Amino acid sequence: MADTKIYAASTTAPVNIAVIKYWGKRDAKLNLPTNSSLSVTLSQDNLRTHTTAACSALFTEDTLTLNGELQDVSGARQQACFRELRALRAALESADSSLPKLSTLSLKIVSENNFPTAAGLASSAAGFAALVRAIADLYQLPQNPTELSRIARQGSGSACRSLFGGYVSWEQGTLEDGSDSLALEVAPASHWPQMRAAILVVSAAKKGVSSTAGMQATVVTSALFPHRVKIVVPQRMKAMKRAIEKRDFEEFAALTMADSNSFHAVCLDTSPPIFYLNDVSRSCIRVVDEINRLAGKNVAAYTFDAGPNAVIYYLEENEDIVLGSLKGGLDGVSGWKQDVTAAGVEGLDASFLEPLKEGITRVIMTRVGGGPVSVEASLIDVDGQRSSA
Ligand code: DP6
């Protein structure tokens, strides 16, 4: 009788927000970057993708369902991940003939995010990291997170950094085949657990240019870009690793804000120009700058990805000063910590906070967190059907 068993494994994976940005590909097919990057992994309590990967002779084709909707898996990115993981499993199977031939079976992947897609948060990093880890667990692959990062990178560049918790670099590598373009742990979350992040979700009237398309255009047209890639980022990568090692928030903040600005500057220098920041984003920049000026040191650091949402990093010890200052602009907004009673920094003019009141639709209060976790909870039931965890 044919084997109708359903093999399954489940994983959760985190979101990461870069403090030194990945922007530009030197090889679009292999998804190799023009520069190294560095990110902070955020807690899965607030933001995570939960994925179950299953395979069985009962399944007739590879499928992926995200938040209840069937996704297209025919794209090169998904196909690259499936192909690479199957090849690793096939190598195990040919070395040990007692292993079931999972590499020959169709895959059924079911994924769910614990945050609303409408928030406009980049979920591809957590999504591909969870997909790769869940399939690697299903196939019982011995590869470590850095080895798996080579595969996740081909799904989405930033996804390679979500295979680790804490502070993570993606080293661009030099080899043409991309085998040295990998994620490494700079420091675990436990090295600097006091790092907090407030994500200010800004309502955007329409969706902007995708990262993939935007960065290609920057590489081709921006005259500023070569300077960023050759000079600015390599220096900042070194300085950022030092700042994290020394837990030097002042330096961490200065580098984070400078690199966000540099990234948005090369976007503006692209032809046609790419605008990810809007007036509300710029108001967030101004209020963080003012808080830091009045505090006499960097107590908060803003950074923006390919969209208008602000991510503000700060240390737990400065929570009163940072959240107390933002309170006037965010009170009553969904997700805001309603119990903030601190007055915040002295002398902050209320006019800095007015634009936030209008433009922020939701706040996510989170912190540095750990990497992917294998979990029991399955999104696929014993009959191979989608189930809710
Ligand atoms: C601005 O990883 O989404 O968030 O590799 O084309 O999928 P692809 O791009 P993606 O780009 C992320 C860009 C960024 C910066 C960063 O996360 O480093």
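Worth a mention:
- Percent accessible area from carbon and sulfur atoms, the stretch 166-251, protein chains only, probe 1.4 Å: 56
- The chain: calculated mean residue ellipticity at 222 nm from DSSP helix runs of at least 4, using -39500 (n - 2.57): -10500 deg cm²/dmol
- Size of charge dipole - the chain - debye, nearest 20, with Cβ of Lys, Arg +1 and Asp, Glu -1, no other charges: 720
- Only Lys, Arg (+1) and Asp, Glu (-1) charged, at Cβ; the stretch 154-258 dipole about Cα centre in debye: 420
- C-alpha long axis of helix 211-221 to longest principal axis of the chain, angle in °: 70
- Dipole of the stretch 253-360 [Lys/Arg +1, Asp/Glu -1 at C-beta], most positive-end residue of N298, P272, Y314: P272
- Candidate lysines - alpha carbon under 24 Å from K101, same-chain residues fewer than 8 apart omitted: K5
- GNM result for the chain, Cα springs below 10 Å: residue of L356, L163, L141 fluctuating most strongly: L141
- Largest-first ellipsoid semi-axes for the chain, taking √(5λ) over the Cα gyration tensor eigenvalues, angstrom: 38, 23, 19
- Take 381-387, 133-139 and order them by the average number of nearby Cβ atoms within 10 Å per residue, most first; the result is 133-139, 381-387.
- Max mean-square fluctuation residue, GNM over the chain, Cα-Cα springs under 10 Å, options K25, K108, K207: K207
- Of Q172, Q338, Q154, the one that fluctuates the most in a GNM where the chain has Cα springs shorter than 10 Å: Q338
- Reachable lysines from K238, criterion Cα separation under 29 angstrom, eight or more residues apart if same chain: K21, K25, K29, K230, K246, K297
- Accessible area (Å², 1.4 Å probe, nearest 10) - M237: 10
- The stretch 195-367 shape via C-alpha gyration tensor axes, a/c threshold 1.5: oblate
- If only the Cβ of Lys and Arg carry +1 and only the Cβ of Asp and Glu carry -1, the dipole of the stretch 7-188 around its Cα centre is close to 220 debye.
- Remark: the chain carries 43 Å² of accessible area per residue (probe radius 1.4 Å; ligands, DNA and RNA excluded).
The values are calculated or read from the model by the stated rules, or taken from the named source; none is laboratory data. Because the structure is predicted, anything quoted here is derived from the model rather than measured. Note that each Cβ is placed from the backbone with ideal geometry, even for glycine, and that neighbours are counted across all protein chains shown. Protein only, heavy atoms only, side chains kept; ligands, DNA and RNA dropped before computing areas. Shrake-Rupley method; radii C 1.70, N 1.55, O 1.52, S 1.80 Å.
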